[in-house]
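K.L.:
Shown below is the structure under consideration.
Just so you know, all these numbers are worked out from the coordinates, no wet-lab data involved. In this text, all values refer to a predicted model and were calculated from it rather than measured experimentally. Please note: Cβ atoms are built from the backbone with ideal geometry, for glycine as well, and neighbour counts cover all protein chains shown.
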Amino acid sequence: MYYIILTHDIIIQQKKIFFKYFTLVNTHNNGVKTIKIILKISAVIFSVAIVALLFVFAFYYFATKDVVFDESKLLSPVPTCEIYDFDGAKFEENKKYDYVSLDEIPKFTQEAFIAVEDKRFFAHGGIDVKGMARASLNNLASLSLKEGGSTISQQLVKNAFLSGEKKFSRKLKEIKLATELEKRYSKKEILEIYLNTIYFGKGIYGISNAAKCYLGKNVNELDIGESAMLAGIIKSPAKYNPVDNPVNSERRKDIVLKLMHEQNYIGKSEYDNFKNADITIKFEKNYDKRNNDLTEIKNYCCLKLGFENEEELNGYKIYTSLKRNISDIIPTTEDYGLDCDYTVIIVDNETKAIRGYASSAGDLRRCPASAAKPWLVYAPALEEKIITEATKINDEKTTFGNYSPKNADGKFHGYVSAKEALSKSYNIPSVKLADSMGTDKIIAYAKKMNVGFDNDDLSVSLGNLSGGITLNQLISCYSCFTNYGNFVEYSAVEKIVNPKGKIVFENKKNQNKVFSDSTAFLINDMLKDAVKNGTAKKLSSFPFEICAKTGTNGDKNGNTDAYCVAYTVRHTVAVWLGNANGKAMSNSVTGGNYPAAIIRDIFSALYKTAYPENFTIPESIVRLNIDKTEYENNQKLLLREKCDKDSLAFYFSKDNSPTEFALKKDITPIIKDFKINCKNNEISIFITTDKGTGFYIADENENIVYKSNQGGEYKFSATEKEYNLFAIPFLTDENGKEIKGEKIKLPVIKPESGKKKITDTPWWEE
């Protein structure tokens, strides 16, 4: 029948062309001759059309002969797909419905769905000929199957009986089943079943559950605007649900309202009022954890396959990297006495696969707060050689235009190293670095990690990213630090197989070089300090290396998001706590508190029998000793040869390390001893110094009269009655710089004393 409709439409179009052309040529002298030609051509076209019809009848028969209408499946649709864990065991999915009668659903709610999904619902017998013809021609024009022209009846039977493949044979089966549905059920019965079983995203089925989960209302309490919003979700639940994509949801709601107005379901005043009215989303889960986990997997698959609706996955098989024994160690917030939502992801760093996942709200898009600082600010600053981990940054009150960032503790900490600033998550140094680099540089690095945002103000340095990012995006950014600077987009999906057994997606775990291995190591070293001395101290009890970063969003009314991302050589774990509906939690829920505690307990379970190894130091890294006094007093990175009480040790990239040495206390130039002799007006001054130390002899006006690169004797013939001389020690450092010691005034020399020995007494005893 699908092809019949298409062929019929082509014939109609040919008729229109024929009569138009007939009228045109009839105005010319040779019109009769032309008409004969046209008639012959038309005869050929009609003959082809008849043959096509016969072919269509045959194709339709064979494509639909085995189709069986099973009424029992209408209220219990088959699972959209089969999902398997890493070991090949199938996940069982239980769809929950809260069935309500059509009388309990407001009339304008019903009309909203009809307006956007099937405006001729009450006029057709299951198939909208005009809609299908239009979709067919558009598909032919684009050489695709993007448009389906499906009625509500077709959607219902497709979800209940068929796979999600976009094929003509499936469409023919859908047509046959929809026609049979219309024979057995009234329009009101069909609409009732449809509204109670249709998918709304986030693991939610049916209008009643959708009203409760998204709006916190019973279905009979919905208004026109809310009804339009819910109706707008159906086309693509992942794209239009108000939790994950509020902007798209709002735009789609306005489209539905416009259609309702154009189809005379609502008046102009109602359209204007509800178009401009805000809808309060009060998202509340009412499904179990596992079902939600599977929902996120299906959303990912739809994205990869270009599907707009999860139901298109009917008949597909999805193979994941999830291990149940790892997912099972993930605690819930209830285990910590918390009443909030959560998402936890566990990644195997070696295989770059997600092994554990659990969530009560799905992988929501939220601003990552300070958990973004390592990959968004500090790693780019290291890569661009703007800083080292030892670079001092002044944590002081600073205003950037009209933007005045503050630290979480409300204090300023003066000059701190970049390492300390990151590990203790001070905000002002992060903003200063962003200002120094420019936000365009930050945006460019973020794009390399598949993170995009529209705002380009300095607040992005504190994780204020427009539109937010998912926890999976966040943990994927940290792959740069566990993978020698290479970015990998983590996924729990290994491959997708279509109903015919063909692999249509396979996770290749492609890598993108974002940072050098030296930058990755330096970030690791900085984040190890966050565990030892910074915001992730709850992880400090383990006897192996852990890197971690926390983040918290909130205000005086409470915290809305709390993050912790921690990793060892073997695993990376990311935790988000918050409420899907945006409701604030207690201020005691911070990234360094409960999320870190959850990761602590996960690491305890993961490493019961064997500890992970330490991070490898790449050849591009050197460890250097910095003069402590110069560093702490003058913020200078000056080298010392030895590691002692006067030095501090830091890691540096070889191509961005200090080269200048500090004055070393143990080799300060001094005059150890001197002797002066005068004989026959010949004067001899003998200076004793340390090895490598030279000396100057200067006159009373401090003019240099003699220089020696080592201790020794200075001789000259006297021409003056007396001499007032100075001895000045010096040495040359590794950079060729001359360093002078304390100037020593020598005893007055009087040559007229003849053979008398002027002094044998050391200067320090005089």
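K.L.:
For a test of the definition: using alpha carbon positions, the gyration tensor, and the 1.5 limit on a/c, classify the range 288-441 as rounded, prolate or oblate.
P.N.:
Cα axes put the range 288-441 in the prolate bin.
K.L.:
Now a separate question. Go through N264, L322, P246 and say which Cα lies farthest out towards the positive end of the charge dipole of the range 240-324; charges sit on Cβ, +1 for Lys and Arg, -1 for Asp and Glu.
P.N.:
The one lying farthest along the dipole's positive direction is L322.
K.L.:
Something else: Take F122 and F542, extend 7 Å from each Cα along the Cα→Cβ direction, and tell me the distance between the two endpoints in nm.
P.N.:
A separation of 6.4 nm, rounded to one decimal place.
K.L.:
Which aspartates and glutamates have a Cα less than 15 Å from the Cα of K502, not counting those fewer than 8 places away in the same chain?
P.N.:
Within the straight-line cut-off, K502 pairs with E82, E165, E494.
K.L.:
Shifting gears a bit: Want the number for I255 to F686: 0.36 nm per residue separation, take away the alpha-carbon distance, what's left?
P.N.:
145.2 nm
K.L.:
For the pairs K392/K424; K411/K447; K282/K352, flag any whose C-alpha to C-alpha distance is greater than 25 Å.
P.N.:
K411/K447; K282/K352
K.L.:
May I pose another question? Count charges around D699 for me, please; just the other residues with Cβ under 12 Å from its Cβ, Lys/Arg as +1, Asp/Glu as -1.
P.N.:
Net local charge, D699 excluded: -3.
K.L.:
Now a separate question. Using alpha carbons only, how many angstrom separate the centre of the range 557-615 from the centre of the range 679-716?
P.N.:
So the separation of the two Cα centres works out to 69 Å.
K.L.:
With only Lys, Arg, Asp and Glu charged, each at its Cβ (+1 for the first two, -1 for the last two), find how big the charge dipole of the range 498-576 is about the Cα centre; round to the nearest 20 debye.
P.N.:
Around 340 debye, computed over the range 498-576.
K.L.:
In addition: Given the range 638-709, what count of lysine pairs have C-alpha atoms under 21 Å apart, with each pair 8 or more places apart or on different chains?
P.N.:
14
K.L.:
In nm, to one decimal, how far is the modelled label at T668 from the one at N394, with both set 7 Å along Cα→Cβ?
P.N.:
Placing both labels 7 Å along Cα→Cβ, they lie 2.9 nm apart.
K.L.:
What does the charge dipole of the range 318-439 about its Cα centre add up to, to the nearest 20 debye, if the Cβ of each Lys and Arg holds +1 and the Cβ of each Asp and Glu holds -1?
P.N.:
320 debye
K.L.:
Continuing with the same structure: Whole-Hz ³J(HN,Hα) for each residue in the range 574-588, computed from phi via Karplus 6.51 cos²θ - 1.76 cosθ + 1.60 with θ = phi - 60°, x for glycine and proline: what do you get?
P.N.:
In residue order, the calculated couplings are 10, 10, 10, 10, x, 10, 4, 8, x, 5, 6, 9, 5, 5, 6 Hz.
K.L.:
Hey, another quick one. FRET efficiency for Y611 and L303, Cβ-Cβ distance as r, R0 = 35 Å, nearest 0.05?
P.N.:
Plugging the Cβ-Cβ distance into 1/(1 + (r/R0)^6) gives 0.40.
K.L.:
Is the range 493-580 best put as rounded, prolate or oblate by its Cα gyration tensor, with a ≥ b ≥ c the root eigenvalues, rounded for a/c under 1.5, and otherwise prolate when a/b is larger than b/c, oblate when not?
P.N.:
oblate
K.L.:
Let me ask something else about it. Given K239/K495; K385/K441; K441/K513; K119/K258, which pairs have Cα atoms separated by over 19 Å?
P.N.:
In this structure, K239/K495 exceed 19 Å between Cα atoms.
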